[in-house]
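My questions will all concern the structure given below.
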Amino acid sequence: MHPSWTPLTLGTGQHNGGVWRTSEGAVVKRLVRGAEEPRHHAYWRRQALVAESGVVRRTSGLRAPETLRVEEDAEGITLWTEWVESVTFDDLFVAAALGRFAGVELSEPSWGARDVLPTRLETVARRGGWSALGDAGLSDSLLKALNWLWTHREAALAELAALPRVPTHGDAHPVNLLGRDGDDVIAIDWEQFGLGPLGFDLGYLLLASMRSLDDLVDAFGDPGVRRGAVLVAAFTAASRAAWSLSQPEPGEHVRRLVELEEVIYLACDQAPWSVGLSRGRGRRGCLRSR
């Protein structure tokens with residue numbers, strides 16, 4: 001890329017070949033070839049297709065930056081978008097924006113991501129599941145809950161699949177929720193955009209938020225979002241923590257999993273598929289001690 005461009009750290013998707021800010025103030029992102037299945041969560045062309053189609057150019061709640069141009073060559077795609085000034089958000093503002101975005105009526109594109117969490121959990125299973133968490137110093141109660149959730153993950157995924165499908169950014173982490181346009185959030189990295197289960201985006205926000213689940217649900221504006229957010233946050237937090245333990249620098253994923261302990265308990269305590277398990281005082285669906 002041009003030597004006068006400034007490298008940026010924003011955008012760390014699987015097929016990100018680099019991000020720069022030009023001397024004219026545009027953002028240039030290089031997409032390199034990868035997953036070719038249009039429904040795969042990491043389909044390498046999806047960000048360019050989102051930009052070219054304009055499908056989320058003017059959506060309520062959440063929208064993409066303005067597209068300047070898209071250029072394809074033999075090795076990949078170069079995506080040019082407007083520069084977005086970073087803003088510090090209150091998570092309740094973001095939750096409200098996600099709620100409005102989830103209420104937008106969109107026709108599902110043929111290249112929209114599907115089955116993001118099931119596909120990721122298949123990868124986690126191939127890597128040994130959550131077994132590494134057994135040596136992470138977690139409490140017995142939390143470990144019991146996590147083991148129960150992992151054993152019953154197919155039932156949890158079926159519950160998620162039965163929820164209403166709504167427009168979903170797919171990676172609603174604060175680092176991707178960058179700018180503001182009135183009451184709307186300008187989001188980047190639409191690699192996993194599609195129609196997903198109600199609560200998917202709020203679950204991702206919950207992973208990084210210090211706000212309570214109740215406060216985020218209230219701000220979202222639809223109590224029906226709660227269950228999906230709980231399941232997505234629980235399974236994603238545990239998967240990230242287990243993965244981190246195999247890395248040279250595990251980071252804060254295990255600490256965050258402990259901070260989300262009550263969310264883990266909610267995921268299994270309120271599971272409709274736990275019928276038949278003991279639910280007497282002191283024992284819930286996840287078989288934890290009170």
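The values are calculated or read from the model by the stated rules, or taken from the named source; none is laboratory data. From a predicted model like this one, the values you see are computed outputs, not experimental measurements. Virtual Cβ from ideal backbone geometry, glycine too; neighbours counted across all protein chains shown. The protein model used for the area step is the full one, side chains on, heavy atoms only, and it has no ligands, DNA or RNA in it. Shrake-Rupley method; radii C 1.70, N 1.55, O 1.52, S 1.80 Å.
Output the residue which, of all residues in region 127-183 that are closer than 22 Å to Ala95 by Cα and more than 20 Å from the chain's Cα centre (by Cα), is surrounded by the fewest Cβ atoms within 10 Å (Cβ to Cβ).
Gly182
Inspect region 198-220 for any residue being part of a strand (DSSP E or B), in contact with a Pro (Cβ under 8 Å, 6 or more places away or on another chain) and in contact (Cβ under 8 Å) with a residue 24 or more places away in the chain and give the result as yes or no. It would help to see each step written out before you state the result.
Kept after step one, since they are part of a strand (DSSP E or B), are these residues of region 198-220: none.
No, that holds for no residue.
Identify all residues within region 187-197 that are touching a Leu at 6+ places or on another chain (Cβ under 6 Å), assigned to a strand (DSSP E or B) and either open to solvent by 10 Å² or more (accessible area, probe 1.4 Å) or polar (S, T, N, Q) (or both); write none if there are none. Lay out the reasoning, then the answer.
At the first step, the residues of region 187-197 found to be touching a Leu at 6+ places or on another chain (Cβ under 6 Å) are 187-188, 197.
Next, only the ones that are assigned to a strand (DSSP E or B) stay: 187, 197.
Correct list: Pro197 only.
Quick one: what pairs do we get from region 66-89, first residue within 22 Å of Trp44 (Cα to Cα), second part of a loop (DSSP other than H, G, I, E, B) and open to solvent by 80 Å² or more (accessible area, probe 1.4 Å), C-beta under 6 Å, 6+ apart or different chains?
So the pair list comes out as Gly76/Arg33.
Shifting gears a bit: Restrict the check to region 47-63 and report whether at least one residue is assigned to a strand (DSSP E or B) and over 22 Å from Asp201 (Cα atoms). Give the derivation first.
Going through region 47-63, the residues assigned to a strand (DSSP E or B) turn out to be 62-63.
Then drop every residue that is not over 22 Å from Asp201 (Cα atoms), which leaves none.
The answer is no; no qualifying residue exists.
How many residues are of a type outside the set (A, V, I, L, M) and closer than 22 Å to Glu108 by Cβ if we restrict to region 160-187?
First pass over region 160-187, keeping only residues of a type outside the set (A, V, I, L, M): 164-165, 167-171, 173-174, 176, 179-184.
Those left that are additionally closer than 22 Å to Glu108 by Cβ: 164-165, 167-171, 176, 184.
Residues that pass the stated criteria total 9.
Of Arg33, Arg63, Arg120, Arg57, which residue is open to solvent by 30 Å² or more (accessible area, probe 1.4 Å), under 30 Å from Pro164 (Cβ atoms) and touching an Asp or Glu at 6+ places or on another chain (Cβ under 8 Å)?
Numbers: Arg33 fails: under 30 Å from Pro164 (Cβ atoms); Arg63 fails: open to solvent by 30 Å² or more (accessible area, probe 1.4 Å); Arg120 fails: touching an Asp or Glu at 6+ places or on another chain (Cβ under 8 Å).
Result of the check over Arg33, Arg63, Arg120, Arg57: Arg57.
Considering only residues of region 239-276 that are assigned to a loop (DSSP other than H, G, I, E, B) and charged (D, E, K, R), which is least open to solvent (accessible area, probe 1.4 Å)? Working first, answer last.
Of all residues in region 239-276, those assigned to a loop (DSSP other than H, G, I, E, B) come to 245-252, 260, 270-271, 275-276.
When the remaining residues are screened for being charged (D, E, K, R), the result is 249, 252.
Details: Glu249: 162, Glu252: 118 Å².
So the residue we want is Glu252.
While we're looking at this one, here's another question. Taking Glu159, is it among the charged types (D, E, K, R) and assigned to a helix (DSSP H, G or I)?
Details: among the charged types (D, E, K, R): yes; assigned to a helix (DSSP H, G or I): yes.
Taking the combined requirement at face value, the residue satisfies it.
Please go through region 66-102 and pick out each residue that is open to solvent by 60 Å² or more (accessible area, probe 1.4 Å) and part of a loop (DSSP other than H, G, I, E, B). Steps first, please.
We begin by selecting, within region 66-102, every residue open to solvent by 60 Å² or more (accessible area, probe 1.4 Å); these are 68-69, 71-75, 83, 85-86, 88, 90, 100.
Those that are open to solvent by 60 Å² or more (accessible area, probe 1.4 Å) and part of a loop (DSSP other than H, G, I, E, B): Asp73, Ala74, Glu75, Trp83, Glu85, Ser86, Thr88, Asp90.
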